[in-house]
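The values are calculated or read from the model by the stated rules, or taken from the named source; none is laboratory data. Just so it is clear, the structure is predicted and the values come from calculations on it, not from any experiment. Counting neighbours? That spans all protein chains shown, and the Cβs are built from the backbone with ideal geometry, glycine included.
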Amino acid sequence: MQTRLILSDEEWRKRLTPEQYHVLREHGTERPGTGCFLGTQEPGTYVCAGCGNPLFRSGTKFESGTGWPSFTEPISPDAIVRVRDTSYGMIRTEVRCARCDGHLGHVFPDGPPPTGERFCMNSVALKHLPEGVAPTLLQ
Ligand SMILES: [Zn+2]
């Protein structure tokens, strides 16, 4: 199991852009259709924008038509944590980074095979590392 990255609110504000802070630390959602990873297909790994934790492989990314980058499964089951979210009068499953507890998006049970899951992510919560670039965990 990986070590957790725990920073104060002030440290997160210094480290993240206002957009990243809003999504990762305040559970915000970027406007649909605006994210930098919409429609991208470059091979590689998507890591947490807050802490560098590897989260998704490019091969599991698919076009969901929702306006947010979507994946069928995380890079490993323990890369993320699932949290029940009852905000806005809906019952959803929130997805957080297992290392820094940053909010990434939600997972829905209407995805394509093989998992049938749709990880609906905020682009701003992710960073893309090209194939062959090793992830570096931020301390
Ligand atoms: Zn993280």
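Quick notes on this one:
- Number of the condition not met by residue 100 [criteria: (1) within 16 Å of the ligand (Cβ to nearest atom); (2) without any contact (Cβ under 8 Å) to a residue 24 or more places away in the chain]: (2)
- Long-range neighbours under 7 Å by Cβ, at least six apart or interchain, first residue under 21 Å from residue 133 (Cβ atoms) and within 16 Å of the ligand (Cβ to nearest atom) within the range 48-77, second of a type in the set (Ser, Thr, Tyr) and outside any strand (DSSP E or B): 52/136; 71/60
- Only one of the numbered conditions (1) of a type outside the set (Asp, Glu); (2) part of a helix (DSSP H, G or I); (3) modelled with pLDDT under 95 is not met by residue 59, and that is (3).
- Residue 31 meets each of the listed conditions (1) more than 14 Å from residue 138 (Cα to Cα); (2) surrounded by 11 or more Cβ atoms within 10 Å (Cβ to Cβ); (3) among the basic types (Lys, Arg) apart from (2).
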